[in-house]
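Okay, so here's the structure we're looking at.
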Amino acid sequence: WSSDVCSSDLQLQRNSITVDLLLTGARDPHIGNGSPAASYEQEILARMASSPAAQRIHTLSTQGPLSARDMSSLYHLCDAVILPSETEGFGLPALEAAIHRKPFICNFISPLRDLPGTTPLDMRTPPFRSVVDVITGLAQDSALKARKSVLSEHCWQSIYVRAIRSEEHTPELQ
């Protein structure tokens with residue numbers, strides 16, 4: 001897993017694209033001391049921690065459940081939603097991405113591949129070149145670039161730094 005993520009990350013970096021991976025999935029309810037799910041979770045967390053991309057991999061699922069408001073905020077801030085899962089019951093992540101007008105990249109599985117607005121890809125075989133291609137295309141999208149510029153340049157924090165804080169440090173003319 002980590003070698004696949006690192007390989008994809010390196011391919012994106014060659015294209016001057018930096019990606020943060022935010023894992024929000026719920027923890028397996030069967031995790032208990034000594035369970036196979038617990039050891040699998042520990043293995044995944046260890047691989048992520050040892051990955052060269054570790055500083056850009058964030059696991060919110062280990063922090064406890066996320067509220068609907070938290071998830072809405074995350075959808076607002078993200079550029080795309082990627083669901084590499086090999087199983088999905090109802091396709092709710094795809095519908096949530098659509099509600100927030102985010103591109104949805106998923107494995108070529110039912111029901112996801114049949115939902116409008118999805119980009120189904122075969123993610124079962126590394127190095128996930130198709131995912132890299134889709135992310136590279138998104139990074140070159142002029143509408144996405146404009147959105148990111150507005151979010152970073154015209155948020156209150158940026159306005160404060162440019163307009164208010166700079167005035168506070170400007171000596172008054174006599």
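The values are calculated or read from the model by the stated rules, or taken from the named source; none is laboratory data. Quick caveat, the model's predicted, so the values are computed rather than measured. No Cβ is skipped: glycine too gets one built from the backbone with ideal geometry, and neighbour counts run over all protein chains shown. For accessibility, only protein heavy atoms count, side chains too; no ligands or nucleic acids. Shrake-Rupley method; radii C 1.70, N 1.55, O 1.52, S 1.80 Å.
What to note about this one:
- Distant-in-sequence amide H partners of L121 (H built 1.01 Å from N, under 5 Å): C106, N107, F108
- Approximate spin-label separation L10-L77, in nm, with each point projected 7 Å along Cα-to-Cβ: 2.9
- Amide H contacts of L22 (H built 1.01 Å from N, in plane; Pro and chain starts excluded): H58 sit under 5 Å, all sequence-distant by 5 or more or on other chains.
- Rounded, prolate or oblate (a/c below 1.5 giving rounded, otherwise prolate when a/b exceeds b/c) for region 31-148 by Cα gyration tensor: rounded
- Sorting L22, L115, L12 by accessible area puts them as L22, L115, L12; the probe is 1.4 Å, largest comes first, and only protein heavy atoms count.
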